[in-house]
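First the structure, in the form of structure tokens, and then the observations on it.
The values are calculated or read from the model by the stated rules, or taken from the named source; none is laboratory data. In this text the structure is predicted, and so the values were computed from the model without any measurement. Positions of Cβ are generated from backbone atoms using ideal geometry, with glycine treated the same way; all protein chains shown enter the neighbour counts.
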Amino acid sequence: MGMTFFRQALFGLCLFLSLFHSSGLVAAQLLSATEMQEQLKNVQQAAQELDYAGIITHNNGEMSQSMRLVHMIDGKGERERLVLLDGIEREFLRENNITQCLLPEKQLVIIEPARPDRFPGLLLEQSEHVVNSYQMAQLEQTARIAGRKCQQFELKPVDSMRFGYQLCIDLDTSLLLQLVTLDQQGQPLFQVAFASIDIGSAVNSEELSSPWDYQDWKAISAAMHEIDLAQKGWRIPFPPGFYPVKQVVRSMAHSREVAQLVLSDGLASISIFIEPVSGAGQRLQPEAGKKKGTIFLHRAQIGENWVTLTGDVPLETLQYLAQHTQYVPVVSEN
């Protein structure tokens, strides 16, 4: 009886401490803009320059997914292999700035530019832009992720146009081990983290090779060219802190062309897709707003065009953009 009571009391104490540890009721030290830039720069460099391999888990509250990631620097530069372990087979092979997406069931290879912000990368653009939209605080406690000790930080947005983030950064290497997206109330929305990881000499270069013999598969490279949407008559009000990083027209199947504008504050990003309602666009429908995996999606008709907005930002930000975007046809002087 006494031992049972002792065990229950000990379990209750451990549970209380665990809840207190995860509740965020801890002291935090606010970083200066310079310290914040340096910390984020170190995280980005670690993601790009270290050799590491491990299992990554994604969780968006509704479903989770696991994948195997191998990243190395060798004579060919920065190389990476990412394999989805759940669902339909997918594999991503990266060499420097180019990624090949392998679709085995279709014997198809899609070639596209690599993104520097894919976990454990963090930044889409330089860290100096992020300091205008977030404050960074170092939390008092450390944590253990994938068996490694890491320091916890929180990125708090300066307004409601973007989400907050909690980071756990490896104490020895500055590699990002866990990234949690926080909603407007500071509650976890999405999480991506290493479940296991090897860093340095323990990484085997043979794991960069795909078992698929894809050399004879059909290869598709997304054809695109740059465009200035403002010159085409589009008036798009960039949310505070966001700026354009890419404006292109993508050539899709069946002679379909879609314009894409990518906005970023350095950390969060928004993609705006524009295509005519006529033609292939007839299949589309308005979307009042929904969550799709780790991003939100909103679609509205503006003039004779569909405008589809997606991003890792609050749905209200996408709705604001849709409501305030205007299209004024350019009148030719001829």
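Number of residues in region 79-123 that are crowded, with 16+ Cβ neighbours inside 10 Å, touching a residue at least 40 places away in the same chain (Cβ under 8 Å), of a type outside the set (Phe, Trp, Tyr) and closer than 18 Å to Gln44 by Cβ equals 7.
Scanning region 143-192 for residues that are polar (S, T, N, Q) and assigned to a strand (DSSP E or B) turns up Gln151, Gln152, Gln166, Gln178, Thr181, Gln191. Would you please name the residue that is nearest to the chain's Cα centre (by Cα), looking only at residues in region 180-209 that are hydroxyl-bearing (Ser, Thr, Tyr) and farther than 30 Å from Glu105 by Cα? In this case the residue turns out to be Thr181.
If you take the residues in region 210-249 that are among the charged types (D, E, K, R) and surrounded by 13 or more Cβ atoms within 10 Å (Cβ to Cβ), which one is farthest from the chain's Cα centre (by Cα)? For region 210-249, the residue satisfying everything is Lys232. Taking first residues from region 149-165 that are under 14 Å from Gly311 (Cβ atoms) and partners that are of a type in the set (A, V, I, L, M), the Cβ contacts under 7 Å between residues at least 6 apart in sequence or on separate chains come to Met161/Val313; Arg162/Ala268; Arg162/Val313; Phe163/Leu182; Phe163/Leu189; Phe163/Ala268; Phe163/Val313. Would you please list the contacts, defined by Cβ atoms under 8 Å and residues six or more apart or on different chains, that run from a residue in region 173-196 that is in contact (Cβ under 8 Å) with a residue 12 or more places away in the chain and not assigned by TED's automatic domain parsing to the domain that holds Ser160 to a residue that is loosely packed, with under 14 Cβ neighbours inside 10 Å and among the aromatic types (Phe, Trp, Tyr)? Going by the 8 Å Cβ cut-off, there are no qualifying pairs. There is no residue in region 296-305 that is assigned to a loop (DSSP other than H, G, I, E, B), modelled with pLDDT of 90 or more and under 27 Å from Glu62 (Cα atoms). What strands (runs of 3 or more DSSP E) lie completely within region 67-127 and have 2 or more residues being in contact with a helix residue (DSSP H, G or I) (Cβ under 9 Å, 6 or more places away or on another chain)? Passing ranges, in order: 77-84, 91-95. Can you spot a residue in region 243-261 that is modelled with pLDDT of 95 or more, outside any helix (DSSP H, G or I) and either closer than 26 Å to Leu84 by Cα or in contact with a Pro (Cβ under 8 Å, 6 or more places away or on another chain) (or both)? Yes, region 243-261 contains at least one residue that is modelled with pLDDT of 95 or more, outside any helix (DSSP H, G or I) and either closer than 26 Å to Leu84 by Cα or in contact with a Pro (Cβ under 8 Å, 6 or more places away or on another chain) (or both). Is it true that some residue in region 171-178 is among the hydroxyl-bearing types (Ser, Thr, Tyr) and within 30 Å of Ala322 (Cα to Cα)? Within region 171-178, not a single residue is among the hydroxyl-bearing types (Ser, Thr, Tyr) and within 30 Å of Ala322 (Cα to Cα). Across region 202-238, the number of residues qualifying as touching a Phe, Trp or Tyr at 6+ places or on another chain (Cβ under 7 Å), assigned by TED's automatic domain parsing to the domain that holds Ala322 and either more than 30 Å from Tyr320 (Cβ to Cβ) or part of a loop (DSSP other than H, G, I, E, B) (or both) comes to 1. Is it the case that Leu50 is out of contact with any Pro (no Cβ under 8 Å at 6 or more places or on another chain), modelled with pLDDT of 95 or more and under 29 Å from Gly164 (Cα atoms)? So Leu50 passes the test. Of the residues making up region 88-112, those that are farther than 17 Å from Leu208 by Cβ and under 20 Å from the mean Cα position of the chain (by Cα) are Ile110, Ile111, Glu112.
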